[in-house]
Every structure is written in C-alpha cells, then in structure tokens.
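The values are calculated or read from the model by the stated rules, or taken from the named source; none is laboratory data. Bear in mind that the values here come from a model prediction, so they are computed numbers and not experimental data. Every residue, glycine as well, gets a Cβ built from its backbone with ideal geometry; the counts of neighbours run over all protein chains shown.
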Amino acid sequence: MAVAGVLSANAWVFTQDKIVYQTIDDATVTVDGCDASLVNVAIPSSVVYNEKTYEVVSISARAFASSSIETLTATESVVELGSQAFFLASSLREVSLPGLTTMGEGAFYLSGVGKVVLGDKLTALPKDAFNSCKSKLEVNLSHIETIGATAFRKCIMDNVEIHDGTTLEKAAFQECNIDNMTISGTINLPKGSFVFDRGKVAQLTLVDVDFSSSRDAVNPTVEKLEILQKDKSAINIGNVPYTTKAKSIYLDIDMETLGMSSVSPFGNSYALQEVVMGPRVKSLFSNMFYNCSKLGTVVMSASMTEVARGAFSGCNSIGVVECQATVPPVCPSDAFTSTVYGTAQLKVPEGCRDAYAAADGWGLFTHIDGTLSGIGNVDIEGDCAVRVAGGRIIFDCPDDAIVAVYSVDGRLVYQGAACDLMPGRGVYIVRVGRQAVRVAV
C-alpha cells in the first residue's frame, strides 16, 4: 500500500458526502480533506466512484490541517494517518481511529483534540504526535510500545499509564501537566536527556520500575510520589530528580533489593514534607532521608524492624513520627536529631508506650503518645492478609480474591478485586469470604 500522501501520477480526486478522496491505486483511496461546511466527519470503509468500489485505507498528510471539523470517526479499514493530518485543527474535539497501524509525525500537533480512540494495532507514537494539544487529552497508551520525542509536549492529561517495555524518547512529556501517572516495569530511556523536562505530575506511581538505562531521564515536578514493589524481586529507581521535588512519598519496597548508588535518592529532598512506609519497608538505611529540611511527618508500618544511623539526620522539622510496630524497631540514638527528640510527637500502638519509652533511641523522645489505633498484619482465610499503612488498606491475597470494605455505619465503600485502597481516615470493616476484621485508617 502506498504511504498516505504519496500517490500515483494518474490519481483521481473526487468528493462524496462532502469528503474529498484521492485514489492510491485501482483498489484503494485516501481521505484528502472535506468541505469547509462539514463539522462531523464519518469515514466509511469503502466508496464507489465511476462504478468502481475503493477501500478507504488512509488519511493523507495535512488532510484536515487548519480545518473546522469537530469530530472524526473512521472504520477499521483506515490503517494509516499522514503527518500533520490535524495540524492546527483547533475546533477538533474527538477522533476515533480503531484500525490505525501507522501515525505520521505531528499528526495532532497544535490541534484542539481532547479524546482520541486508537486500536491496539498501533504500537508507536511518532515525534510531535500530540504536541501542544489545546484541550485536556484522553488517550489509552496500554498498547503503545514507543512514545516519540516531544509526543506529548505541553499536553494536559488526567491519567497516563506507561507499561513494562515501553521506550520513551527525548522530551516525550516535556512541559506536560498530568494529574495521575503510573509507570510500571522496565522502561527504556534516552541517554543523557530528560523525558519530562519542566513537566508536572500531581501523583506519580512507580511499580516494579527499572530506570537503570538512564538515571537522569525522569525528572518531573511531583506532588505525591509512590514507589511500589509488587512482583519483581529487585527494582531500580535511579538517582533522579523527581525524588527531590516530591512533597509526599509513599514507599512500599524491600530496601535490600533496591538498586541505587551510594547516595540515597531521597536525601536532600528540598520539597519533601511527608514520608510513609508500607509493609514491605522493614528497615531504613543510613542517611536515607538526610537533610530533608521540610520533612514534617514520618509514618512507619507494623513491619518496621530497624531504623539505621542517621536515617533522618538533618531533618529538624519533623513534628510527628508514627510507628505502627508493636515491637520497637532497632533505633540508634542518632537516627533522628536532638531537636526532633525534644519537640516531635512519637505515636505508637495502644499498650506499647512503655516498651518504646524503655527502648534505645525511641526512649529519647520527650513526647510519646500510646494511643495509635491502626493495625499491623491480620491473616484472613489463611492465605490472605490485610494491612494498614500510610492511610491505605493493603491486601495480600490471591488474584481471584474478592473483598468488601464497609464503613462502621454499614455503607459499602468498595467491593471487588483485592487492591490497595485509600478510603480516607476512619474505622472500617474489611470482609474476605466469611471472615471480617475491623481496621482503623
């Protein structure tokens, strides 16, 4: 098939239902534009011209550039989209191209498109694909394996999911503004260049990530950062700028399997105000949060067993330390600064105040509150466990487990597959099978 926009010398141009077509060969045509009065474009799978049927297989380069169309839908016969096909189409709002296999550079550059439906046959987004789109952009990237340079530059998006094996090219999300982004698995990153240069992500979730291909490529400004370890035995978050920019960090990783340099990626985090450790964090290494001058709240789960020397050295703004472990973790006297020991409030589980007051390190806290009502690990139905950490209800259950969470007044909060939940502060009833437990978040 001829590439969109590359036509034979004797190509025919004709119009049907206000859509302009141009023949590619004896059997196929490309869409080459439309009448200026047409607002909603519906491209059929075939057209008849001079008593001959042609299959519609592509949209030509710049076919709808600077046009006034608002929507475009095509059948699965349209497999190719030409470069700058919707360039400067500022009125464009929604496009559906379920059969697309190839997209040209700058296809939606400077357009007004908000929702784009793409089929799973398209695996690569080219350079400038959605660069500077004017509306909040909604597009499913679950089938995309390569995101080209500046593909989403200056885009505004609610949810973005980048999956294992994806390649992100230079400045793919430069100057973007994203509410929620999840990056999972091994991501191939450009050497020596930024992917998120001057980008902003309200909540960035990293799951089993490996950023070892380029430690400096991931650098958005982040409000909330989550780093989770679920299936991989080791992860590598790199020594990258997003950790210094995040205001809140939630960690649920085995520190012993964390690939990192000799310098902690969390040290000298100038914006960090809160850090919460999930149940996989059993120990903190030396100088882990060194010199996080704005850090005010530290929450440790019931799994914590050791806080290493200098873990919070230079963190003089800490006002609340919450440790849910019923047995005081190992804690040397220099884990926190003397300022913190004298002014911060240490919150520990009910009935554990005396144990913490008598323990090395912990006993240096002047203010110890023994009324913490959270839970540690609770076994349910033998092969399930529920935990509470960092405002979350966390389930360790088989994939087919169905759980239900109720408020104390009987209102159903969640029912479905076991997953991490953030229901808000309060007391909840968690049910798995026939068994239920009461938890406080």
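Which residues, taken from the stretch 75-85, are over 14 Å from residue 113 (Cβ atoms) and not acidic (Asp, Glu)? 75, 77, 78, 79, 82, 83, listed by residue number.
Kindly provide the set of residues from the stretch 282-291 that are surrounded by 21 or more Cβ atoms within 10 Å (Cβ to Cβ) and either at pLDDT 95 or above or touching a strand residue (DSSP E or B) at 6+ places or on another chain (Cβ under 6 Å) (or both), ordered by number. Residue satisfying the conditions is 284 alone.
Checking 208, 197 one by one, the residue that is among the acidic types (Asp, Glu) and surrounded by fewer than 19 Cβ atoms within 10 Å (Cβ to Cβ) is 197 and no other. Please go through (1) closer than 21 Å to residue 59 by Cα; (2) assigned to a loop (DSSP other than H, G, I, E, B); (3) among the β-branched types (Val, Ile, Thr) for residue 150 and return the number of the only condition it doesn't satisfy. Looking at each condition in turn, residue 150 falls short on (1).
Cβ-Cβ distances below 7 Å connect the following pairs, each with a first residue in the stretch 104-121 that is closer than 17 Å to residue 75 by Cα, a second residue that is aliphatic (A, V, I, L, M) and part of a loop (DSSP other than H, G, I, E, B), and a separation of six or more residues or different chains: 118/100; 119/100; 121/100.
So which of 404, 385 is modelled with pLDDT under 80 and either surrounded by 15 or more Cβ atoms within 10 Å (Cβ to Cβ) or more than 23 Å from residue 294 (Cα to Cα) (or both)?
Details: 404 fails: modelled with pLDDT under 80.
Exactly one residue qualifies, and that residue is 385.
For residue 275, the criteria (1) surrounded by 17 or more Cβ atoms within 10 Å (Cβ to Cβ); (2) assigned to a loop (DSSP other than H, G, I, E, B) hold in every case but one, which is (2).
Given the criteria within 24 Å of residue 420 (Cβ to Cβ) and either polar (S, T, N, Q) or in a loop (DSSP other than H, G, I, E, B) (or both), does residue 289 qualify? Spelling it out, residue 289 is indeed within 24 Å of residue 420 (Cβ to Cβ) and either polar (S, T, N, Q) or in a loop (DSSP other than H, G, I, E, B) (or both).
Conditions (1) in contact with a helix residue (DSSP H, G or I) (Cβ under 8 Å, 6 or more places away or on another chain); (2) under 21 Å from residue 237 (Cβ atoms); (3) acidic (Asp, Glu); (4) surrounded by fewer than 18 Cβ atoms within 10 Å (Cβ to Cβ), marked per residue:
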| site | (1), (2), (3), (4) |
| --- | --- |
| 107 | no, no, no, no |
| 112 | no, no, no, yes |
| 119 | no, no, no, yes |
| 145 | no, no, yes, yes |
| 149 | no, no, no, no |
| 170 | no, yes, no, no |
| 189 | no, yes, no, no |
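Only one entry of 65, 89, 27 meets the criterion of being surrounded by 21 or more Cβ atoms within 10 Å (Cβ to Cβ) and touching a Phe, Trp or Tyr at 6+ places or on another chain (Cβ under 9 Å), and that entry is 89. For the stretch 292-306, a residue qualifies if it is outside any loop (DSSP other than H, G, I, E, B) and either among the charged types (D, E, K, R) or crowded, with 18+ Cβ neighbours inside 10 Å (or both), and the qualifying residues are 298, 299, 300, 306.
The single residue among 175, 138, 105, 161 that is modelled with pLDDT of 95 or more, not in a loop (DSSP other than H, G, I, E, B) and not β-branched (Val, Ile, Thr) turns out to be 138. Residues that are surrounded by fewer than 18 Cβ atoms within 10 Å (Cβ to Cβ) and at pLDDT below 95 occur at least once in the stretch 390-397. Being at pLDDT below 85 and among the small types (Gly, Ala, Ser) narrows it down to one residue among 433, 370, 361, 342; which is it? Criteria check complete, one pass: 433.
Could you list, in sequence order, the residues of the stretch 184-232 that are part of a loop (DSSP other than H, G, I, E, B), polar (S, T, N, Q) and farther than 25 Å from residue 421 by Cα? Can you show your working first?
Restricting attention to the stretch 184-232, the residues satisfying the condition of being part of a loop (DSSP other than H, G, I, E, B) are 187, 189-199, 211-220, 229-232.
Now drop any that are not polar (S, T, N, Q), which leaves 193, 212-214, 219, 229.
Correct list: 193, 212, 213, 214, 219.
The residue of the stretch 422-436 that is surrounded by the fewest Cβ atoms within 10 Å (Cβ to Cβ), among those that are over 19 Å from residue 391 (Cα atoms) and out of contact with any Cys (no Cβ under 6 Å at 6 or more places or on another chain), is 434. Scan (1) within 29 Å of residue 27 (Cβ to Cβ); (2) more than 24 Å from the chain's Cα centre (by Cα) for the single condition residue 116 breaks and write down its number. Checking residue 116 against (1) within 29 Å of residue 27 (Cβ to Cβ); (2) more than 24 Å from the chain's Cα centre (by Cα), the one that fails is (2).
Within the stretch 250-257, is even one residue on the phi > 0 side of the Ramachandran plot, surrounded by fewer than 19 Cβ atoms within 10 Å (Cβ to Cβ) and not in a strand (DSSP E or B)?
Quick first cut of the stretch 250-257, residues on the phi > 0 side of the Ramachandran plot only: none.
Looking for residues that are on the phi > 0 side of the Ramachandran plot, surrounded by fewer than 19 Cβ atoms within 10 Å (Cβ to Cβ) and not in a strand (DSSP E or B), one finds none in the stretch 250-257, hence no.
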